[in-house]
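Read the structure below first, then the notes.
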Amino acid sequence: MQVYLVGGAVRDELLGRTPTELDYVVVGATAAELEALGYRPVGRDFPVFLHPQTRAEHALARRERKTGPGYRGFVTEFTPDIPLEEDLRRRDLTINAMARGADGALIDPYGGRADLEARWLRHVSDAFREDPVRILRAARFAARYASLGFRVHPETMTLMRAMVAAGEAQALVAERVWQETERALGEPDPQVFFEVLRDCGALAVIFPEVDRLFGVPQPERWHPEIDTGVHVMMCLARAAQLTPDTAIRFAVLMHDLGKGETPAHVLPSHHGHEGRSVALVDALSDRLKVPAAFRELAKLTAELHGKVHRAFELRAETVLKLLETCDAFRRPQRLADMLIACQADAQGRKGLETRPYPQRDYLLRAQSAATAVQLTAEDRATLAGPAIAAELRRRRVRALEAIRPDPPPG
């Protein structure tokens, strides 16, 4: 039995980064033999075991044969005679197909180290085309390492386009699409994930609502970048600078979906796009089984971002209605999250990336001022039923009027 450290740990070590997970491949053993040594089986789809002391994952070397479409269309074998090189060959990218033996020697049969140095994301073999999830993974690694200069190798991009043309992207199941998307949203440059998917044609299959935004014009006065798709990518890049929260980043990605359905004869105006965006967020979330917290924040951002941008123009009654729509008195964090998404929208514009966004601080102060207004027991004793809520709202409006500043210049 031989044990090798594989995959991301080897890659990160060569990049000078501290590995976050240690994964091992076991060659020359059976599942029964590992269990006899105290390893605990945890894998559902293939034999994965936890080391009895370190709890690190150890997988038996495996061989795969394509039998049908999608990522489940495989027959997998686990026998002691499968060599390490064959196990590594089934991996997605060369930078993930390296290993270290117990003696520390690097095992690199597919040129992963050279591609690390050249900053290429390159497929290991033609087996890449057999699993459409690898399209998503290649795009996600591009989002992770874009700041280091990594890009998808032209040959790999050609292969990804061929896979999309062959219908492989349509075989992706919702759970895997969302799993990879959520992870990509957490990467340093999440917009690169969607740009790579667009480049290979997969965005139109997986996220048609986002793909439709590219080429849709907006008024240059407010959007110097003009193209809606470019704007949304700029917003997502700005969101990544503002917060690591993936739900906020998802909300930013979704906020302008309705502009992709604006009738051509009214362009570049997009009157009413907020309502269209909310409906599209719902449809996309249903299709991809997006978690409720992500969906809710995205819908709020889509509905309210225009009002938030005009916060200094709103009457106190309208500000209170905005706070109530966000459920800001019971769920204050949700308002705070939406305001970050709105800031990313306002600053995701060509030449306006560092423009101040005082609306965010103003509405947070408005939330605090309105929350501080409470009715005393004596007040409630003199009121009944709907009159209690009406009086509370009246006092909150008065508190909001007291803090309303003059609109900032420009």
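The values are calculated or read from the model by the stated rules, or taken from the named source; none is laboratory data. Small disclaimer: the values here were computed from a predicted structure and weren't measured. Don't worry about glycine lacking a Cβ; one is built from the backbone with ideal geometry, like all the others, and counts go over all protein chains shown.
Here are the numbers for this structure:
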item: Wholly enclosed strands (runs of 3 or more DSSP E) of segment 1-67 bearing at least 2 residues modelled with pLDDT of 90 or more and closer than 13 Å to D87 by Cα; result: 2-6, 23-27
item: In segment 301-339, the residues that are in contact with a Lys or Arg (Cβ under 8 Å, 6 or more places away or on another chain), acidic (D, E) and over 22 Å from D245 (Cα atoms); result: none
item: Any helices (runs of 4 or more DSSP H) falling wholly within segment 315-410 and containing at least 2 residues that are among the aliphatic types (A, V, I, L, M) and closer than 29 Å to H223 by Cβ; result: 316-325, 332-347, 358-372
item: Residue match in segment 261-277 (condition: part of a helix (DSSP H, G or I) and closer than 20 Å to A184 by Cβ); result: no
item: Matching option when the condition is of a type in the set (G, A, S), without any contact (Cβ under 8 Å) to a residue 12 or more places away in the chain and closer than 23 Å to Y24 by Cα, among G104, G111; result: G104
item: Positions within segment 372-406 being of a type in the set (D, E) and either within 19 Å of A311 (Cα to Cα) or in contact (Cβ under 8 Å) with a residue 12 or more places away in the chain (or both), in sequence order; result: D379, E391, E401, D406
item: Qualifying positions in segment 207-242 - outside any helix (DSSP H, G or I), out of contact with any Pro (no Cβ under 9 Å at 6 or more places or on another chain) and either buried (at least 23 other Cβ atoms within 10 Å of the Cβ) or not small (G, A, S) (or both); result: F207, R212, L213, F214, R221, W222, P224, E225
item: Scope segment 169-204; condition more than 23 Å from A292 (Cβ to Cβ), of a type in the set (A, V, I, L, M) and modelled with pLDDT of 95 or more; matching residues; result: V192, V196, L197, A202, L203, A204
item: Any hit, segment 288-304, residues being modelled with pLDDT of 95 or more, over 24 Å from A184 (Cα atoms) and not assigned by TED's automatic domain parsing to the domain that holds R183; result: yes
item: Counted residues, segment 16-59 - those being closer than 24 Å to L148 by Cα and exposed (fewer than 15 other Cβ atoms within 10 Å of the Cβ); result: 5
item: Residue list for segment 150-161, filter: in contact (Cβ under 8 Å) with a residue 24 or more places away in the chain and assigned to a helix (DSSP H, G or I); result: E155, T156, M157, L159, M160, R161
item: Test result for R334, surrounded by 14 or more Cβ atoms within 10 Å (Cβ to Cβ), without any contact (Cβ under 8 Å) to a residue 40 or more places away in the chain, closer than 19 Å to R396 by Cβ and out of contact with any helix residue (DSSP H, G or I) (no Cβ under 6 Å at 6 or more places or on another chain); result: yes
item: Filter result for the condition that a residue is buried (at least 20 other Cβ atoms within 10 Å of the Cβ), outside the structural domain of E180 (by TED's automatic domain parsing) and modelled with pLDDT under 95, over D103, D131, D92; result: D92
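Every residue, every condition in (1) over 26 Å from L392 (Cβ atoms); (2) β-branched (V, I, T); (3) touching a residue at least 60 places away in the same chain (Cβ under 8 Å); (4) buried (at least 19 other Cβ atoms within 10 Å of the Cβ), yes or no:
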site: H273; (1), (2), (3), (4): yes, no, no, yes
site: L300; (1), (2), (3), (4): no, no, no, yes
site: L304; (1), (2), (3), (4): no, no, no, yes
site: R315; (1), (2), (3), (4): no, no, no, no
